[in-house]
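Written out below as structure tokens is the structure these notes cover.
The values are calculated or read from the model by the stated rules, or taken from the named source; none is laboratory data. This is a predicted model, so every value here is computed, not measured. Backbone-built Cβ (ideal geometry, glycine too); neighbour counts: all protein chains shown. Only protein heavy atoms, including side chains, enter the accessible area calculation; ligands, DNA and RNA are left aside. Shrake-Rupley method; radii C 1.70, N 1.55, O 1.52, S 1.80 Å.
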Amino acid sequence: MALTDFDLVLFGGGGDLSMRKLIPALYARDRAGDLPATAQIICVGRNERSTAEFIETVNENAKSHISEKTFSQNVWDKFCARIKYIALDASDATTYQPLNDVLRDSSSVTRVFYLATPPTLFASICHNLSARGLATEQTRVVLEKPLGRDLASAKQINQEVSQVFKESQIYRIDHYLGKEAVQNLLALRFGNVLFEPLWRREWISDVQITIAEELGVGNRMGYYETSGALRDMMQNHLLQLLCIVAMEPPLSVTPDAVRDEKLKVLRSLKPFTQNTLAKNVVRGQYRAGHVNGVAVPAYRQEKTADPDSNTETFVAVKAEIDTWRWAGVPFYLRTGKRMADQLAEIVVRFKSIPHSIFAQSTSSFQPNCLVIRLQPDDGLQLNLMAKTPGDGMRLKPVELELDFAETFKAPRMDAYERLLLDVLRGQLTLFMRSDELEAAWEWVEPILRYWEQEGNEPLPYASGTWGPAASSSLIGRDGLQWREEALPE
Ligand code: BG6
């Protein structure tokens, strides 16, 4: 579907997200021919500088996040000509006039405000847009995470933003929902009959969801110290993945049909008790170590770090979903920085066979396992038992591999490319509704409070490992192992 002409305003336009993700994503869609000839990208920031100076920064910074393979100087020059820079104080409506001056009539041109700023500014930006008559009925607003620091602040943001924009105008972004593999999970579950009958407590033993990063906090210390792994990854990305795995079939892929089902999952998460908070949540912080053979410092020794910081860089949780479909099936979720590998995957482990007709005992049968790989590349792996060739009947685990890049040989779209296109098209399915956001905070909040009360320190783990030993015990207590621990050497 071709896009209508648009004015896209990026608040925080000179910031890290804009340079690393948003501008490169918009360039990629321009290169693909998706952007209308006169579409404008208006970057807003605090610093006084001209558009020409801003474009110099874009040249130095954003350009380095575009792969050489997809870079064309000609396309880039035309793309940069769309960019305008405006300096204003986001919290002061009297400074907004330059924005009024560049925006075109929102009844003929799609108008989007993308707030890639700290969440503390969301409410005042929305009110200021309204005061300046810029938040019209047709306008869309995109809210980048973190959407609050806890339930109360998330509610406050929702409430303030809703004074200016209707729910149908608000796009709360979780870029994991824009990943190819997440969409493929919907296709796998609801475009095939094969798995759905087995997708339940009778046949599934456990589900593991891992987002592991080799990178440390880098130059985002200021933000990360206000966040930590629970707020940065678990409350949003991991819970959204859990929703897609666990939700009932939606009636269609229309926004509310999908979001209603995800909401039911979030509301069915078993609330923590003092006992399960102590047992089922592990928090860690990386120490010095080696990642890919390179020595890296401890979190507390990173540039501008607080040497006494207790911010967690790792969290693992055992979650349970109180529904007929999932009662008793543990969902183990974990994420960490400076881990042994860079990967994101969902592992659905099926139950063991009930009885062996072969000479081998049932314990020598590896349970079937479906691995949905999101990163580094997207693909599927199905583990089955097969007979080894030759005389006799010996069974061995084998893998069916599906590599989507190899299968489709089509260019991959980054999550931000897809989600920006969806915003510009007015397609809300892959964005979170206010009630989902609040339900996710509601479940996570007791963990935050528990950590505050206990005042306990995060457990140390060496960089380049899979997190603190307590993470293995969390799953080991149930007689299970994380997938990398269960793999043959
Ligand atoms: C972001 C977090 O939302 O997701 C970052 O703020 C994290 O800390 C990033 O590194 C991971 O995203 P991806 O797509 O690189 O896995």
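Residues in region 188-212 that are open to solvent by less than 20 Å² (accessible area, probe 1.4 Å) and of a type in the set (S, T, Y): T210 alone.
Conditions (1) under 23 Å from R412 (Cα atoms); (2) assigned to a loop (DSSP other than H, G, I, E, B), marked per residue:
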| residue | (1), (2) |
| --- | --- |
| D34 | yes, yes |
| V44 | no, no |
| E48 | no, yes |
| A52 | no, no |
| I55 | no, no |
| N59 | no, no |
| K63 | yes, no |
| N74 | yes, no |
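Let's see how each residue does on (1) assigned to a helix (DSSP H, G or I); (2) more than 29 Å from T311 (Cβ to Cβ); (3) of a type in the set (S, T, Y):
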site	(1), (2), (3)
Y114	no, no, yes
I125	yes, no, no
L134	no, yes, no
V142	no, no, no
K155	yes, no, no
S168	yes, yes, yes
Q183	yes, yes, no
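Within region 213-235, is there a residue that is of a type in the set (V, I, T) and either part of a strand (DSSP E or B) or open to solvent by 60 Å² or more (accessible area, probe 1.4 Å) (or both)? Yes; the residues of region 213-235 include at least one that is of a type in the set (V, I, T) and either part of a strand (DSSP E or B) or open to solvent by 60 Å² or more (accessible area, probe 1.4 Å) (or both). If only residues of region 390-422 that are at pLDDT 95 or above and within 16 Å of the ligand (Cβ to nearest atom) are counted, the one that is farthest from R111 (Cα to Cα) is A415. Looking across region 36-60, the residues that are open to solvent by 60 Å² or more (accessible area, probe 1.4 Å) and touching a Gly at 6+ places or on another chain (Cβ under 9 Å) come down to R46, N47, R49. In this structure, D378 qualifies as crowded, with 20+ Cβ neighbours inside 10 Å and out of contact with any strand residue (DSSP E or B) (no Cβ under 7 Å at 6 or more places or on another chain). Confirm whether K69 is part of a helix (DSSP H, G or I) and open to solvent by 60 Å² or more (accessible area, probe 1.4 Å). So K69 fits the description; yes.
Determine whether region 320-330 contains at least one residue that is among the aliphatic types (A, V, I, L, M), touching a residue at least 60 places away in the same chain (Cβ under 8 Å) and farther than 19 Å from I475 by Cα. No, region 320-330 contains no residue that is among the aliphatic types (A, V, I, L, M), touching a residue at least 60 places away in the same chain (Cβ under 8 Å) and farther than 19 Å from I475 by Cα.
Taken residue by residue, region 96-104 has at least one member that is surrounded by fewer than 16 Cβ atoms within 10 Å (Cβ to Cβ), modelled with pLDDT of 95 or more, among the β-branched types (V, I, T) and more than 21 Å from L419 (Cα to Cα). One residue stands out in region 143-187 among those that are among the acidic types (D, E) and open to solvent by 20 Å² or more (accessible area, probe 1.4 Å): the one that is nearest to the ligand (Cβ to nearest atom), namely E180. Of the listed requirements (1) under 21 Å from the mean Cα position of the chain (by Cα); (2) at pLDDT below 95; (3) more than 27 Å from S18 (Cα to Cα), L380 misses just one: (2). Applying the criterion of at least 2 residues that are basic (K, R) to the strands (runs of 3 or more DSSP E) found wholly in region 262-372 leaves 281-291. Listed here are the helices (runs of 4 or more DSSP H) enclosed by region 392-489 that have at least 2 residues being among the β-branched types (V, I, T): 434-454. If the condition is being within 12 Å of E225 (Cβ to Cβ), within 25 Å of the chain's Cα centre (by Cα) and open to solvent by 20 Å² or more (accessible area, probe 1.4 Å), then region 306-329 contributes only N310.
Residues in region 183-206 include none that are touching an Asp or Glu at 6+ places or on another chain (Cβ under 8 Å), of a type in the set (S, T, N, Q) and over 16 Å from C243 (Cα atoms).
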